[in-house]
Amino acid sequence: MILSMTGFGKGETQFAHKKITIEVRTLNSKNIDLNFRVPHCYRELESILRGEVNKNLERGKIDVSVFVDNSGGETTTVLNKEVIQAYIDQLKEIHQGDTTELLKMAVRLPDALKTEKEAVDEKEKEALLSLFANTLEQVNKHRKDEGVALTKDFSLRLASIGQLLKDVIAIDPERKERVTEKLNTSLAQLKLEVDQNRLEQELIYYLEKYDITEEKVRLANHLDYFHEIMDQDTANGKKLGFIAQEMGREINTIGSKANHAGMQKLVVQMKDELEKIKEQLLNVL
């Protein structure tokens, strides 16, 4: 089963006076790359959330955002009265100004505001973790849906390469005949006496250098293996990438040995299809 590294999930829930919203976005990356934005009140739960991400999403560039909308008018930020009064007293020592103006200055100075830690009770914790689990499920569903589309695309391109390989196999005998004919014509034009036995030996050696039998067999095996790995249930993006590299080597070798315009055209088409597969593989989990 192909899974994409691109995914998105969003969940919302209401708990007491709070509206909690969680968004998770994933993109392709060689390894897992986590970026968390969590309100101060939920910092103690961040390690648990990170563990859930590692367990469920495996790999990719993952952005997690948790938002809290306090609809009850309550706030955890309060005035630090003692500090503000101390500032005002010090300011009066410098200048006996209007108390209101001094207050405006004091509240802008460091430590004039303080944030009181708001404890997260067990019910709120359970609500948050349940919402997070549902959001991760949405991400995985999105990844599976993207994977289905990728699988269809890969299957079409693999079928195209397979057909092009059949065309290569079909014209291979003609290619060998042309190479042999070209050598014989060149020798005839030289008007030299040659040892036929030695000529045949050299011709066999020359043709073996252009033989692509092994490349054709290996490329066909790689195509079958690609299909086999796609059908596995585990994450397989990296393994498919390795197979694609091996396919590229065989196609390049066929091209370097071709010495035939028609076969070179088929090789170029195979390379084009393979490059499109490699581009898509960058997004496979």
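Computed from the coordinates by the stated procedures, all read-outs in this text should not be read as laboratory data. For clarity, every value in this text was computed on a predicted model and none was experimentally measured. Cβ placement follows ideal geometry from the backbone for every residue including glycine, while neighbour counts extend to all protein chains displayed.
Roughly what angle does helix 81-94 make with the longest principal axis of the chain, taking Cα atoms, 0 to 90 degrees, to the nearest 10? So the inclination is approximately 70 degrees. The fewest-to-most ranking of Thr21, Thr185 by surrounding Cβ atoms within 10 Å reads Thr185, Thr21.
In this calculation the C-beta distance from Glu122 to Glu228 is compared with R0 = 45 Å, giving a FRET efficiency of 0.40. Helix 261-281 axis versus longest C-alpha principal axis of the chain: approximately 20°, rounded to the nearest ten. Taking a straight Cα-Cα cut-off under 18 Å and skipping sequence neighbours fewer than 8 places away in the same chain, the lysines within cross-link reach of Lys123 are Lys18, Lys19. Based on the Kirkwood approach, the hydrodynamic radius assigned to the chain is 25.2 Å, with every pair of different Cα atoms included. By the rule of a C-alpha distance below 26 Å, with chain neighbours fewer than 8 residues away ignored, the lysines paired with Lys104 are Lys81, Lys92, Lys114, Lys117.
Summing Lys and Arg as +1 and Asp and Glu as -1 over all other residues whose Cβ lies under 12 Å from the Cβ of Glu174 gives a net charge of -1. Bridgeable lysines around Lys61 (alpha carbons under 21 Å apart, same-chain partners fewer than 8 residues away excluded): Lys10, Lys30, Lys141, Lys144, Lys238, Lys239, Lys278. Mean residue ellipticity, 222 nm, helices only, the chain: the sum of -39500 (n - 2.57) across DSSP H runs of n ≥ 4, divided by residue count and rounded to 500, is -22000 deg cm²/dmol. When only the Cβ of Lys, Arg, Asp and Glu is charged (+1, +1, -1, -1), the dipole of the chain relative to its Cα centre reaches about 440 debye. What residue among Ser155, Ser65, Ser47 has the largest mean-square fluctuation in a Gaussian network model of the chain, using Cα springs under 10 Å? Maximum among the listed residues: Ser47. Put simply, when 50-63, 91-104, 24-37 are sorted by average Cβ atoms within 10 angstrom per residue, most first, you get 50-63, 24-37, 91-104.
A compact globular protein would have a Cα radius of gyration near 2.2 N^0.38 Å; the ratio found for the range 1-49 is 1.43. To the nearest ten degrees, helix 237-258 and the longest principal axis of the Cα atoms of the chain are 30 degrees apart.
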